[in-house]
1. Evaluate E = 1/(1 + (r/R0)^6) for GLU338 and TYR304, where r is the Cβ-Cβ distance and R0 equals 45 Å; express this FRET efficiency to the nearest 0.05.
2. Just need the relative contact order of region 279-375 here, percent rounded to a whole number, with Cα pairs under 8 Å and 6+ apart.
3. What number, rounded to the nearest 500 deg cm²/dmol, is the helix-based mean residue ellipticity at 222 nm of the chain, given -39500 (n - 2.57) per DSSP H run of at least four residues and division by all its residues?
4. At 0.36 nm per residue, minus the direct Cα-Cα distance, what do ASN37 and GLU346 gain on full extension? Give it in nm, one decimal, please.
5. If you average the C-alpha positions of region 95-143 and of region 176-230 separately, how far apart do those two centres end up, in angstrom?
6. If I model a spin label at LYS202 and ASN280 as a point 7 Å from the Cα along the Cα→Cβ vector, what separation in nanometres do I get?
7. Can you tell me the orientation of helix 222-238 relative to the chain, as the angle in degrees between its alpha-carbon axis and the longest Cα principal axis, to the nearest 10?
8. Kirkwood Rh, region 70-222, all Cα pairs: how many Å?
Amino acid sequence: MELINRDASDKYKGFRYQKLRLGKKMLELIKANPKTNIIAFPEYREDGYLIGENGTQFFEQDKEYSKNFTFNSEEIRKSIVNFIDNYFDLDKDPYLNFIFFTNVDYGKERQSELLTELNLKPLQNPIIQYLIEEDYNERVIEFVTKVIIRTYQDQYNIKHSEPNTYNRFYTKLVNMIHEDWVAFLKQVTFQFGQGDLEQLIKDLDSEIKECTFYKIDHVNKEIQIRNYILEKIDERMAEKHITQKMMNMETVKNIFYEVSSIGNGLEIDELHLFWDEINNELESEKNFRNLKEKIDAVCKGFSYKTLKRYKRYATTIRAEIKKYDKRQIYALRYRVYESMEKYFDEEFEYKNEYTYEELNSYIKGLKKSVINDIEALKQDFDYGVKNTITIEKIVLLLIDECFYSFEEE
């Protein structure tokens, strides 16, 4: 039996988490500032390096884990060290923003070997809580200072007994006073309890739909756009030079353009041209009764719960179909109308009164018949709608809009 390499699996999940987060942040920046230019550099300086409005820079460490973090956690300590290196390297620019982003929560520190060596004890609250609340009291800063300096020494192999060992920023670090640490920490944001992988996928798909480049040609292609964005980030991650890593407005715009140019080989049903004609005929009659009134006219004992559900379907579907191309929906409405006409002509048995079981059985048969017809038409035409539930709701909508009733005319 082949053993699963958990380290490789976790590493893959970590990279995917970073890419999803970066993709989401890129689209957020475009939405906030449509005139932006350079927006991101994957795997440069940090997991994510983004540039916002007025040149504001964001450096992110993105961590998807199963256990909560404390300030003593290696991932936290190493992230802070990375932030400090970039902070010094960019001349302590006050417009730098450092973000630690993770799906898990934070907890309180426990007495550990490291804390004992540094002559520290856990404080009343978690250190991260103090930092989030910007409570930079003396004990908090002492705790942070000692832990981060020791982590810096370990990471760069600086011997504890030789504090003057040369390192690019080490001397600056050890000479930081209370006010210096406060200035740095105010530029660090901790974002705990954020989305996991599945939530980030949903968030990215949502941002895709809200993007300025999202057009009608992109409806139902959100997964393709997401995959193209992640693939492009993956490509740029592998590049070595910063100019090759760069992702700008045009990079994202081209992804949307490329996806929109990929067709499914199906045409839009030309019968959409006839929907207005059918709709105008109904308007001229001006004898409107809704779904409830039509059911009540032939069935006094119809289930209240079922009727309530049908009414809700007929109402909500109006909003659901707005996201599709008008031509596709008009064609689908026309085809559903035709299919219902055939059912009422060939299958439906008109009576003055029905039991609940009889009428509901006919309604179910009507929906099934329409679905079968539309599924057959989908072999040649693209109606946008892929699921049968939406088609069932359109059947109820057409009855509610007075195209059909259960009484013989």
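Values in this text are rule-based calculations from the coordinates and carry no lab data. The shown structure was predicted, so the numbers you read here are calculated from the model rather than taken from an experiment. FYI the Cβ positions are ideal-geometry reconstructions off the backbone, even for glycines, and counts take in every protein chain you see.
1. On the way: r = 32 Å, r/R0 = 0.71.
After rounding to 0.05, the efficiency reads 0.90.
2. Working: 31 pairs, mean separation 37.7, N = 97.
Value for region 279-375: 39 percent.
3. Working: 17 runs with 224 residues, N = 409.
Calculated from helices alone, the mean residue ellipticity at 222 nm is -17500 deg cm²/dmol.
4. Values: separation 309, 0.36 × 309 = 111.24 nm, distance 6.14 nm.
Here the answer is 105.1 nm.
5. 25 Å
6. Between LYS202 and ASN280, the simple spin-label model gives 4.5 nm.
7. In the chain, helix 222-238 runs at an angle near 20 degrees to the longest axis.
8. On the way: mean 1/r = 0.0566 Å⁻¹.
When all Cα pairs of region 70-222 are included, the Kirkwood radius is 17.7 Å.
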